[in-house]
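Worksheet for the structure shown next.
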Amino acid sequence: MNQVNKVIEILKVPTGTFMVNTADVIGMNLKHEEQWEPWLARFYNGLVQQDWVCIDAGANIGTHTIQLAKLCDRVYAFEPQVMIYNMLCCNISLNNNDFQINAIKKGLGDKEEVKQLWNIAFEHFGQGLFNWGGRGIEQEGCGKPYDKDNVREYDQIEVTTLDSYNLDRCDLIKIDIQGYESKAFAGGDKTIDKFKPFVLLENSNLESPELDNNMKAKQWLLDKGYEFYRLMM
């Protein structure tokens, strides 16, 4: 894989200190707006309790992970992309959350396996700006062209299941993993049944064919008896 464009800076913003890549969408927003998805943070700031255990699936560089750690007892942060994971670990240390956050360099799915992310070229916004967190696992219905027989070692990630962690507690799952959510739920079936956590799910309200995976995630939760409330930007 060719060397990717990175512009690394350390930023101090109201929610913490972060190593960011300002050639990435999140890094650019933190530099210019000093925040990322503030509507989501406002919501869980009024929800999360001090003794909670939270899951951050698709943790990226930790913008939500760090904020959750300030509110709860423990966070399990799943981020499979090596470059982003390294920055996540740096940000955990910069914010002195080393003993509250368990950073895991794996994605969540329905079984233990190795999968491929779609090409970062599909997340190029132009003028050298990329959305690294926008990459998801190649699968049918992901909306990105892929060749299941094309092995690209540099795009491979390890996938695990939430149930394999045998958690003693799980109060909230924040999940944003680009159409792989229903598989992650299936791999956390026992955990979700046992604890009935709140779920903060990135999920489009459009029901077009390329968003079939979003519909599967919603249906999985509905079958478990969840009720939906849409949080708008």
Quiz prompt | Hull volume in cubic angstrom per residue (convex hull over the Cα atoms of the chain) | solution = 126
Quiz item: What nm distance separates the two modelled labels at V4 and V114, each placed 7 Å from Cα along Cα→Cβ?
Solution: 1.9
Self-check item: Principal axis dimensions, largest first and in whole angstrom, of the range 7-101 by Cα
Solution: 37, 26, 21
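Taking a cut-off of 13 Å, what percent of all Cα-Cα pairs in the range 45-94 are separated by more than that?
Working: 637 of 1225 pairs.
Percentage above 13 Å: 52.
Where the accessible area of the range 53-148 is counted over protein heavy atoms with a 1.4 Å probe, how much of it, in %, is carbon and sulfur?
Details: 1940 of 3980 Å².
Carbon-and-sulfur percentage of accessible area, whole number: 49.
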Quiz item: How much area per residue is accessible in the range 125-219 when the probe is 1.4 Å and only protein heavy atoms are counted (Å²)?
Solution: 52
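Pairs of Cα atoms under 8 Å, at least six residues apart: use those to get the relative contact order of the chain, whole percent. Can you show the working numbers first?
Numbers: 415 pairs, mean separation 42.0, N = 233.
Dividing the mean separation by the residue count of the chain yields 18 percent.
Quote to one decimal, in nm, the extra length available between L129 and F228 on full extension: 0.36 nm per residue of separation minus the C-alpha distance between them.
On the way: separation 99, 0.36 × 99 = 35.64 nm, distance 3.36 nm.
Length gained, L129 through F228: 32.3 nm.
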Exercise. Could you order K115, K105, K194, K216 by accessible surface area, starting with the largest, using a probe radius of 1.4 Å?
Key: K194, K216, K105, K115
Quiz item: Straight-line reach from K190: which lysines have Cα under 25 Å away, leaving out those fewer than 8 places along the same chain?
Solution: K105, K106, K111, K115, K174, K216, K218, K224
Quiz item: In Å and whole numbers, how far do the C-alpha atoms of the range 57-124 stretch along each principal axis, longest first?
Solution: 33, 29, 15
Quiz prompt | Pairwise centroid distance, computed over Cα atoms, of the range 127-180 with the range 25-39, Å | solution = 22
Practice problem: Please give the contour-minus-distance gain from K70 to Q50: 0.36 nm per residue of separation, less the Cα-Cα distance, rounded to one decimal in nm. | Solution: 6.3 nm
Quiz item: Top mean-square fluctuation among D155, D73, D168, Gaussian network model of the chain, C-alpha springs under 10 Å?
Solution: D168
Exercise. Evaluate the charge dipole of the range 153-198 about its Cα centre and quote only its size in Debye, nearest 20, assuming +1 on the Cβ of each Lys and Arg and -1 on the Cβ of each Asp and Glu.
Key: 320
Quiz item: Roughly what % of DSSP beta bridges within the chain run antiparallel, to the nearest 5?
Solution: 40
Quiz prompt | Protein-only accessible surface order, largest first, of V199, V151 at 1.4 Å | solution = V151, V199
Quiz prompt | Values of log10 I(q)/I(0), in the order q = 0.17 Å⁻¹, for the range 74-181 under a Debye, Cα-only, solvent-free model | solution = -0.90
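Please tell me the relative contact order of the range 40-146 in percent, rounded to the nearest whole number, where contacts are Cα pairs under 8 Å and at least six residues apart. Let's see the in-between values first.
Details: 151 pairs, mean separation 22.3, N = 107.
Value for the range 40-146: 21 percent.
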Exercise. Might you report the magnitude of the Cβ-based charge dipole of the range 125-173 about its Cα centre, with Lys and Arg at +1 and Asp and Glu at -1, to the nearest 20 debye?
Key: 240
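So how strong a dipole does the chain carry about its Cα centre when Lys and Arg Cβ are +1 and Asp and Glu Cβ are -1, to the nearest 20 debye?
Details: 24 positive and 34 negative charges, 87 e Å.
Magnitude of the dipole: close to 420 debye.
The values are calculated or read from the model by the stated rules, or taken from the named source; none is laboratory data. Note that the structure is a prediction, hence the values are computed from the model and not measured. In this analysis, Cβ positions are derived from the backbone assuming ideal geometry, glycine residues included, and neighbour counts consider all displayed protein chains. Ligands, DNA and RNA are excluded from the accessible area calculation, which covers all protein heavy atoms including side chains. Shrake-Rupley method; radii C 1.70, N 1.55, O 1.52, S 1.80 Å.
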